[in-house]
Amino acid sequence: MNPARRIGSKVSLETVCGAVVLLAAAVFWSQRGYTNPLAGYFPNTILLAMAAMAVLLIVRGIVRPSSAEDDSDAEAPAEVRLGGLAKAAVLLAVWVLALWFLGYLISGIVMFCVVSLSLREGSLNLRNVLVDVVISVVVVGGVYLAFTNLIFVPLPPGPF
Amino acid sequence: MFDSLIGAVAQNLSPGLLLLVLLGVTGGMVMGAMPGLSATVGLALLLPITFTLDAVSGLVLLGACYMGAIYGGSFTSILVNAPGTPSSIATAFDGYPMTRQGRSEEAIIAVTIASVVGGVIGVAGLILFAPILANFVLNFGPQEYFWLGIFGLAMIASLAAKSLVKGFIGGLIGLLIAAIGIAPVGGEVRFDFGFTFLQGGIPLVVALIGFFTIPAIIDMISDPSARRAQMMDEGSGPRPSILIPTARRVLSRPMNLIKSAIIGTVVGALPGAGGNIANLIAYNESRRTSENPEEYGKGEIDGVVAPESANNAVVGGGLIPLLTLGIPGAPPDAIIYSVLLLQGLRPGAELFTDQGSLTFTFMVSIAFAAVMMVPVGLVAGRALQRSVVNTPTRYLAPAVILLTIVGAYAVRNNVADVLLMVTLGLIGFGLRYLGIPPATIVLGIVLGVIVEEGLVQGLLASSDLAMPWTSFFTRPISLVIITMIILGTVWPIWANYRQRRQQGEQQ
């Protein structure tokens, strides 16, 4: 059995998936504040269907875990590297936060450089850092100027 | 009509109009290739320029830009899993896997041919069948739109044939995301969780980039060596030209091209449907009738041909209700409509008689724009493809993040949308790990609005009946679509069952 298809040693991925979907449906169900029945037909039906399918997944995962595991989807990654995933999530989150405070241009130059340096293989030296700084300034500056001055698409303004 | 057509062709061959077509296609292609900057943005940017041009030139420029933008949307869809426009969602299903297999150039050539054929057939439909199709689409009520949306959702059976339950859960999650924001009837705000920016709902572009592109970026950052290994075949040294073999392969299955283009023309003629839905339906139909349905989603060339043929046919199809009835089918059509009105032209029968020369020149120019995509696409498109393939991951990943930020921010000029995009991307990555295909979620988001509006408007319109919901099952066009839904859902399940049984017998 593919180890990536199981979380822990006893709970099947199918059961986890069902539990997550059931939780999401419950959270949305608790947020129903609409009073007009026409506003509720559609989301209520979806939430009930989601809950039913989630229960089906949980039951299937418990009763027939082996057949549920075989029912894998082609798009699912074979293996998730938690370290890499955490690095990507942190970089994206920091970039968005920086965007909020520093604007597109400054956050873009800084984060472009940080991401490119973090993806470099081997040890870092001054030359590599300088090359990535120059490329960051040219690429981000070029994109910024093209959007703001050429096709007049506003971008998040900076503090200055 | 024949004389008008000959005159229109002659006029389109003038250097001035050819130059406008070239500029329009190139500019549109660039705009379409930027995730988040749709054909509508491209046309809106050109609007002030058309004020300085005569009516024919202005319309020709807009038509060419529209065609180019729809085509350009396929590039980023194929190369970085970021559909430039919602019309290219289905292109990513097989286009990105082709890139990961080192076959991105083949995909670019295939979509170029498909776009040209689709574009020309869409214009042919516009010229030959405009009055008939215009009358046909007038028979579409909310019930038919509801079933059309459900027909699109039936595609889940194709996208997730291996795990139907998870596929349907993905579709339901998408429909739920589409329900966030203001209800179509009554105006109540739903599921905003106390956040003001959620009151307007989750924009399609933000969700599209989030679910498709962010997971691809995470893959690049978390395992950069994987991409390099995938690209090795394509990026290393000179290779024999694949232009002719690919063209021959695409054209050897003309039914896939023609059928998809017809779907695009008809769906494009339906106001409110457009390329977003046409490309999905064409992909599903292509897979359903293919001899190799199991290859779809893994880099099947017909899987990029069908949606691109359909979405470019939408350009011609969308002009049918616009030019005959004055009903813009999609936002870009509304911009073209505004130019018509500004030039003192009123859509309707008179447009084809009193202004026949101008109207036919405009319609034929869109076919010229489709043909112009061959040189522009094969030069600029392949140049873009080669530069993306040869760019090291350490620069490509941050460059893609830069563009996704622009796309998400440009929708409402709100940084919160960028945060929303990243959040949805992380959720999409997690759901993908759990086996829920992101494509099914996006499908639900795209179709959620049309399904809910059709449902509640249909119920309201039939409120005089004792059981209003019966109106969804008694209208002739609805019954035809219901039959297609049953066929579309049952067929992949039956094919899957048959395949498994054959495999069992062989063992």
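Do we find that residue B:487 is at pLDDT below 90 and surrounded by 24 or more Cβ atoms within 10 Å (Cβ to Cβ) in this structure? Walk me through how you get there before you give the answer.
Numbers: at pLDDT below 90: yes; surrounded by 24 or more Cβ atoms within 10 Å (Cβ to Cβ): no.
Judged against the criteria, residue B:487 is not a match.
Based on this model, can you work out whether residue B:121 counts as more than 14 Å from chain A (Cβ to nearest Cβ) and modelled with pLDDT of 90 or more? Yes, satisfied.
Select from segment B:31-71 the residues that are of a type in the set (S, T, N, Q) and in contact (Cβ under 8 Å) with a residue 40 or more places away in the chain and list them in ascending order. If you could, list the steps in order and put the result at the bottom.
Within segment B:31-71, the first condition is being of a type in the set (S, T, N, Q), and the residues that meet it are B:38, B:40, B:50, B:52, B:57.
B:38, B:40, B:50, B:57 - these are the residues of segment B:31-71 that are of a type in the set (S, T, N, Q) and in contact (Cβ under 8 Å) with a residue 40 or more places away in the chain.
Checked against (1) touching a Pro at 6+ places or on another chain (Cβ under 8 Å); (2) under 19 Å from residue B:221 (Cβ atoms); (3) more than 9 Å from chain B (Cβ to nearest Cβ), residue A:119 passes all but condition (3).
Applying a threshold of 7 Å to beta carbon distances and a minimum spacing of six or more residues, or different chains, the list of pairs starting in segment A:16-30 at a residue that is of a type in the set (A, V, I, L, M) and ending at one that is surrounded by 17 or more Cβ atoms within 10 Å (Cβ to Cβ) and not in a helix (DSSP H, G or I) reads A:16/B:434; A:20/B:434.
Cβ-Cβ contacts under 9 Å between residues 6 or more apart (or on different chains), taken from a first residue in segment B:143-155 that is of a type in the set (Asp, Glu) to a second residue that is modelled with pLDDT under 85, are listed as B:144/B:270.
Taken over segment A:11-38, the criterion of being part of a strand (DSSP E or B) and buried (at least 18 other Cβ atoms within 10 Å of the Cβ) is satisfied by A:12 alone.
State yes or no: is residue B:432 basic (Lys, Arg), touching a helix residue (DSSP H, G or I) at 6+ places or on another chain (Cβ under 9 Å) and buried (at least 21 other Cβ atoms within 10 Å of the Cβ)? Yes: the conditions hold for residue B:432.
Sort out which residues of segment A:82-92 are at the interface with another protein chain (Cβ under 7 Å from one of its Cβ atoms) and not charged (D, E, K, R), and write them in order of number.
Result: A:84, A:85, A:88, A:89, A:91, A:92.
From the list B:430, B:435, B:448, B:425, the one residue that fits, being outside any helix (DSSP H, G or I) and at the interface with chain A (Cβ under 10 Å from one of its Cβ atoms), is B:435.
Yes or no: segment B:69-82 includes at least one residue that is under 25 Å from residue B:300 (Cβ atoms) and outside any helix (DSSP H, G or I).
Narrowing segment B:69-82 to residues under 25 Å from residue B:300 (Cβ atoms): B:70-82.
This time we only want the ones that are outside any helix (DSSP H, G or I), so: B:81-82.
Checked against the condition, which is being under 25 Å from residue B:300 (Cβ atoms) and outside any helix (DSSP H, G or I), segment B:69-82 yields at least one hit.
If you go through segment B:9-29 one residue at a time, do you hit one that is within 14 Å of chain A (Cβ to nearest Cβ), hydroxyl-bearing (Ser, Thr, Tyr) and either surrounded by fewer than 22 Cβ atoms within 10 Å (Cβ to Cβ) or assigned to a helix (DSSP H, G or I) (or both)? Yes, segment B:9-29 has at least one match.
Does residue B:186 satisfy the criteria of being more than 10 Å from chain A (Cβ to nearest Cβ), assigned to a loop (DSSP other than H, G, I, E, B) and over 24 Å from residue B:74 (Cα atoms)? Answer is no for this residue. Taken together, the residues in segment B:260-311 that are more than 14 Å from every other protein chain (Cβ to nearest Cβ), small (Gly, Ala, Ser), in contact (Cβ under 8 Å) with a residue 40 or more places away in the chain and not in a helix (DSSP H, G or I) amount to 2.
Output yes when any residue across segment B:302-320 is in contact with a Cys (Cβ under 9 Å, 6 or more places away or on another chain) and surrounded by 21 or more Cβ atoms within 10 Å (Cβ to Cβ), and no when none is.
no
The residue of segment B:451-474 that is nearest to the other protein chains (Cβ to nearest Cβ), among those that are over 22 Å from residue B:280 (Cβ atoms) and surrounded by 18 or more Cβ atoms within 10 Å (Cβ to Cβ), is B:456. If you filter segment A:51-82 down to residues that are buried (at least 17 other Cβ atoms within 10 Å of the Cβ) and at pLDDT 70 or above, you find that the one that is farthest from residue A:112 (Cα to Cα) is A:60. Screening B:406, B:415 for residues that are touching a Pro at 6+ places or on another chain (Cβ under 6 Å), within 7 Å of chain A (Cβ to nearest Cβ) and either surrounded by 24 or more Cβ atoms within 10 Å (Cβ to Cβ) or not hydroxyl-bearing (Ser, Thr, Tyr) (or both) leaves exactly one candidate, B:415.
Has segment B:150-160 got any residue that is within 8 Å of chain A (Cβ to nearest Cβ) and farther than 24 Å from residue B:456 by Cβ? Scanning segment B:150-160, I find at least one residue that is within 8 Å of chain A (Cβ to nearest Cβ) and farther than 24 Å from residue B:456 by Cβ, so the answer is yes.
Being of a type in the set (Val, Ile, Thr), over 20 Å from residue B:443 (Cβ atoms), buried (at least 24 other Cβ atoms within 10 Å of the Cβ) and more than 19 Å from the chain's Cα centre (by Cα) is a property that residue B:56 lacks. The residues of segment A:117-132 that are over 27 Å from the mean Cα position of the chain (by Cα) and either crowded, with 16+ Cβ neighbours inside 10 Å or of a type in the set (A, V, I, L, M) (or both), listed by number, are A:124, A:126, A:129, A:130, A:131.
A quick yes/no check of all residues on (1) crowded, with 18+ Cβ neighbours inside 10 Å; (2) in contact (Cβ under 8 Å) with a residue 24 or more places away in the chain; (3) part of a helix (DSSP H, G or I); (4) of a type in the set (Asp, Glu):
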| site | (1), (2), (3), (4) |
| --- | --- |
| A:84 | no, no, yes, no |
| A:90 | no, no, yes, no |
| A:93 | no, no, yes, no |
| A:105 | yes, yes, yes, no |
| A:111 | yes, no, yes, no |
| A:115 | yes, yes, yes, no |
| A:136 | yes, yes, yes, no |
| A:140 | yes, yes, yes, no |
| A:156 | yes, yes, no, no |
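Out of the residues in segment B:189-206 that are within 9 Å of chain A (Cβ to nearest Cβ) and part of a loop (DSSP other than H, G, I, E, B), state the one that is surrounded by the most Cβ atoms within 10 Å (Cβ to Cβ).
Of all residues in segment B:189-206, those within 9 Å of chain A (Cβ to nearest Cβ) come to B:189-193.
Checking the rest, the ones that are also part of a loop (DSSP other than H, G, I, E, B) come to B:191-193.
Working: B:191: 21, B:192: 17, B:193: 9.
The qualifying residue surrounded by the most Cβ atoms within 10 Å (Cβ to Cβ) is B:191.
The values are calculated or read from the model by the stated rules, or taken from the named source; none is laboratory data. Treat the numbers as computed from the prediction; the structure is a model and nothing was measured. No Cβ is skipped: glycine too gets one built from the backbone with ideal geometry, and neighbour counts run over all protein chains shown.
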